[in-house]
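Asks: After the structure tokens below, expect a handful of questions from me.
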Amino acid sequence: VSKLSRIHRTDDSRIVPGNPAERSLGEDRSRGTVLHGYDRRVKTRFAITPPASALNEAVWPDYLARAEMLGFDTLWLSDIPLGELGDPLVALAFAAGVTKRLKLGANIVPLGRNPLWVAKQLAQIDRLSHGRLLVSFVPGLAQSGERAALGYEQGNRGKAIETMMGLMRQWWRG
């Protein structure tokens, strides 16, 4: 049974893991009970994705400071090759320098990019942010003309991404 399928709501609206019929009581800081070694607290995290208007030089620094001050956990940017916005890696590199706690996430379309340069850029942003970088590789949005612009009109984009990821992992290992 997965942990998620073993979560139940108690009569006082707390969500706790474990089957209610199997609960064993012990000692806990909050109410004096422990459920099979699980902590009753559920950590909830909130991410933020900025609007296009926030990604300009006049707004971006203040936007990042405010997101961090308001307690957001993660900033997520998406790579849209034919979109109006610039490269999310450049924006995340800036964010790494002006934030201290905010995790920095990007959905990256690696197709059309040199995998060695992507690996180096990601490693450098990860170092600059002290390990706060989160990355997701995606095949793109399949917008009209996107495959041609990325140089992948034919072929399996998923397989190409897997190959690139293998190379990047190899380079990161040294």
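Asks: Can you pull out the residues in the stretch 135-174 that are buried (at least 16 other Cβ atoms within 10 Å of the Cβ) and either basic (K, R) or touching a Gly at 6+ places or on another chain (Cβ under 8 Å) (or both)?
Replies: V135, P139, E146, R147, L150, Y152, R157
Asks: Check whether at least one residue in the stretch 63-70 is open to solvent by 10 Å² or more (accessible area, probe 1.4 Å), free of Cβ contacts under 8 Å to residues at least 40 places away in the same chain and outside any helix (DSSP H, G or I), and report yes or no.
Replies: Applying the first criterion (open to solvent by 10 Å² or more (accessible area, probe 1.4 Å)) to the stretch 63-70 yields 63, 65-66, 68-70.
Restricting the remaining residues to those that are free of Cβ contacts under 8 Å to residues at least 40 places away in the same chain gives 63, 65-66, 68-70.
Then keep just the ones that are outside any helix (DSSP H, G or I); that gives 70.
Scanning the stretch 63-70, I find at least one residue that is open to solvent by 10 Å² or more (accessible area, probe 1.4 Å), free of Cβ contacts under 8 Å to residues at least 40 places away in the same chain and outside any helix (DSSP H, G or I), so the answer is yes.
Asks: Identify the residue in the stretch 90-109 that is open to solvent by 10 Å² or more (accessible area, probe 1.4 Å) and in a helix (DSSP H, G or I) and, among all such residues, is farthest from R173 (Cα to Cα). So that I can check it myself, show each step before the final result.
Replies: Taking the stretch 90-109 first, the residues open to solvent by 10 Å² or more (accessible area, probe 1.4 Å) are 90-91, 93-94, 97-98, 100-101, 103, 107.
Within this subset, residues satisfying the condition of being in a helix (DSSP H, G or I) are 90-91, 93-94, 97-98.
Numbers: V90: 24, A91: 26, A93: 22, F94: 25, G97: 25, V98: 28 Å.
Of everything passing the filter in the stretch 90-109, V98 is farthest from R173 (Cα to Cα).
Asks: Looking at the structure I just gave you, is D79 surrounded by 13 or more Cβ atoms within 10 Å (Cβ to Cβ), at pLDDT 95 or above and acidic (D, E)?
Replies: So D79 does not fit the description; no.
Asks: Moving on to the next point. Check G158, G112, G131 and return the single one that is out of contact with any strand residue (DSSP E or B) (no Cβ under 9 Å at 6 or more places or on another chain), assigned to a loop (DSSP other than H, G, I, E, B) and modelled with pLDDT under 95.
Replies: Numbers: G158 fails: assigned to a loop (DSSP other than H, G, I, E, B); G131 fails: modelled with pLDDT under 95.
Being out of contact with any strand residue (DSSP E or B) (no Cβ under 9 Å at 6 or more places or on another chain), assigned to a loop (DSSP other than H, G, I, E, B) and modelled with pLDDT under 95 holds for just one of G158, G112, G131, which is G112.
The values are calculated or read from the model by the stated rules, or taken from the named source; none is laboratory data. All values derive from a computational prediction rather than experimental measurement. Cβ sites come from the backbone with ideal geometry, for glycine too, and all protein chains shown count toward neighbours. For the accessible areas, the whole protein counts, side chains as well, though only heavy atoms, and no ligand, DNA or RNA atoms are used. Shrake-Rupley method; radii C 1.70, N 1.55, O 1.52, S 1.80 Å.
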